[in-house]
Amino acid sequence: MANTFKNYTAASVGVTPTTVYTVPSATTSVMIGMTLANVSASQITIDVQCAGVYLVKGVAIPAGAALSVVDGKIILETTDAVIVTANTAASVDVLVSVLEQS
């Protein structure tokens, strides 16, 4: 079984739900970090869904600030997806760090 650390990014996420990461087939992943940075000039709110449930919903991030969403580890199985949505167009950059086991 191969273990590989990887980062996945999405820049300028906005009001359209954006899939930042999907677990590949025949793989289990451990999400070990997730950071969202507000790149806009105003406060925004964000939603993060993982495997069909919300990790956070409607959380405010002040202008120029960042939020770490993962406090601990989250196990993801094949086809699970991490989806981010903001209330403002092109307002948040996202970094997801995972350990993929295949």
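We did not get these values from a lab; they are worked out from the coordinates using the rules stated. Computed from a prediction, not measured in an experiment: that's the story for all the values here. Positions of Cβ are generated from backbone atoms using ideal geometry, with glycine treated the same way; all protein chains shown enter the neighbour counts.
Rounded to two decimals, the Cα radius of gyration of the range 3-101 over 2.2 N^0.38 Å is 1.03. Between A90 and S12, the distance separating the two model label sites (each 7 Å from Cα on the Cα→Cβ line) works out to 0.4 nm.
Here the peptides 13-25, 64-76, 81-93 are ranked by packing, the mean other Cβ count within 10 Å, and the order with the highest first is 81-93, 13-25, 64-76.
Exposure proxy shown here: for T28, T78, the number of other Cβ atoms within 10 Å sets the order, fewest to most, as T78, T28. Taking only the C-alpha atoms of the range 59-99, Rg followed by Dmax gives 12.3, 35 Å.
Placing R0 at 22 angstrom, the Cβ-Cβ distance between A63 and I32 gives a FRET efficiency of 0.20 after rounding to 0.05.
Put simply, when 53-62, 31-40 are sorted by average Cβ atoms within 10 angstrom per residue, most first, you get 31-40, 53-62.
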